[in-house]
1. For the subset of the stretch 116-139 comprising residues that are at pLDDT 95 or above, out of contact with any helix residue (DSSP H, G or I) (no Cβ under 6 Å at 6 or more places or on another chain) and surrounded by 13 or more Cβ atoms within 10 Å (Cβ to Cβ), which member is farthest from residue 101 (Cα to Cα)?
2. Based on this model, can you work out whether residue 3 counts as in contact (Cβ under 8 Å) with a residue 60 or more places away in the chain and either outside any loop (DSSP other than H, G, I, E, B) or under 23 Å from residue 209 (Cα atoms) (or both)?
3. Name the pairs whose Cβ atoms lie under 8 Å apart, with the first residue in the stretch 95-106 and free of Cβ contacts under 8 Å to residues at least 12 places away in the same chain, the second outside any helix (DSSP H, G or I) and crowded, with 20+ Cβ neighbours inside 10 Å, and 6 or more positions between them or separate chains?
4. Are any residues in the stretch 179-193 part of a loop (DSSP other than H, G, I, E, B) and touching a helix residue (DSSP H, G or I) at 6+ places or on another chain (Cβ under 6 Å), and if so, which ones?
5. Inspect all residues belonging to the stretch 49-64 and state whether any of them is touching a residue at least 40 places away in the same chain (Cβ under 8 Å) and either closer than 15 Å to residue 124 by Cα or surrounded by fewer than 21 Cβ atoms within 10 Å (Cβ to Cβ) (or both).
């Protein structure tokens, strides 16, 4: 059975005090209605990682960072290393998010290096792939996503791939209120499994957790999670309130 995951990407939201209130409220909800079958992850800003990790200790909710630098350490002003992230108690890191690709011009080689350094330091990876609206309209979805998967995961062993989760995030559906239909999302998720089978073997494709990320909300979560190749979600805006994020978590519990 593939791992089923609901992860919340806070992006550049929440001061430390706001982060504390959010995770305290989320933990209270989860303790009243425990998550029995799935993994829940929250990914706050770097500044709140240690506080959030402390509050969630023993809750079953795991913590991840939203990015990392590709070197172990050095004279890289403003950057954060894998070891720094691990020291906060975080166990996961998001790599290759579309906003990193778009605003910070991260390419496939750089993303691959980041995945390498994360795995070397025993951090689990949520590896993001996805196409823009223009690419979809030009029927390039499979070309773009296939290339991202191939170059992001090249040369990794099966053991390393066990520590990687893929998140398919159609860029046109992030923060826009638009959502791929369950059928559109399922088509790309199934394609990603085919790519993994071609690159590695059918055990990798069969066992890889693939999340959907693109304006997932309590109202559409269950329909998306019911698709056979969608193993949960990477949640954006809806994870910034404990109630809406918890409702998505419960939708996953209902389906999986």
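1. My answer is 124.
2. Numbers: in contact (Cβ under 8 Å) with a residue 60 or more places away in the chain: yes; either outside any loop (DSSP other than H, G, I, E, B) or under 23 Å from residue 209 (Cα atoms) (or both): yes.
When the stated conditions are applied, residue 3 passes them.
3. Note: pairs meeting the criteria are 106/96.
4. 179, 180
5. Applying the first criterion (touching a residue at least 40 places away in the same chain (Cβ under 8 Å)) to the stretch 49-64 yields 49, 64.
Then drop every residue that is not either closer than 15 Å to residue 124 by Cα or surrounded by fewer than 21 Cβ atoms within 10 Å (Cβ to Cβ) (or both), which leaves 64.
Within the stretch 49-64, one or more residues are touching a residue at least 40 places away in the same chain (Cβ under 8 Å) and either closer than 15 Å to residue 124 by Cα or surrounded by fewer than 21 Cβ atoms within 10 Å (Cβ to Cβ) (or both).
This table checks each residue for (1) over 23 Å from residue 97 (Cβ atoms); (2) at pLDDT 95 or above; (3) outside any helix (DSSP H, G or I); (4) out of contact with any strand residue (DSSP E or B) (no Cβ under 6 Å at 6 or more places or on another chain).
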| position | (1), (2), (3), (4) |
| --- | --- |
| 214 | no, no, yes, yes |
| 221 | no, yes, no, yes |
| 227 | no, yes, yes, yes |
| 230 | no, yes, yes, no |
| 238 | no, yes, no, yes |
| 243 | yes, yes, no, yes |
| 247 | yes, yes, no, yes |
| 250 | yes, yes, no, yes |
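Here is a yes/no grid of residues against (1) surrounded by fewer than 21 Cβ atoms within 10 Å (Cβ to Cβ); (2) over 18 Å from the mean Cα position of the chain (by Cα):
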| site | (1), (2) |
| --- | --- |
| 178 | yes, yes |
| 192 | no, no |
| 209 | yes, no |
| 216 | no, no |
| 229 | yes, no |
| 232 | no, no |
| 252 | no, no |
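Quick grid of which residues meet (1) closer than 13 Å to residue 249 by Cβ; (2) outside any helix (DSSP H, G or I); (3) touching a helix residue (DSSP H, G or I) at 6+ places or on another chain (Cβ under 9 Å):
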{"site": "8", "(1), (2), (3)": "yes, yes, yes"}
{"site": "12", "(1), (2), (3)": "no, yes, no"}
{"site": "30", "(1), (2), (3)": "yes, no, yes"}
{"site": "36", "(1), (2), (3)": "yes, yes, yes"}
{"site": "41", "(1), (2), (3)": "yes, yes, no"}
{"site": "59", "(1), (2), (3)": "yes, yes, yes"}
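The values are calculated or read from the model by the stated rules, or taken from the named source; none is laboratory data. From a predicted model like this one, the values you see are computed outputs, not experimental measurements. Note that we place each Cβ from the backbone using ideal geometry, even for glycine, and neighbour counts take in every protein chain shown.
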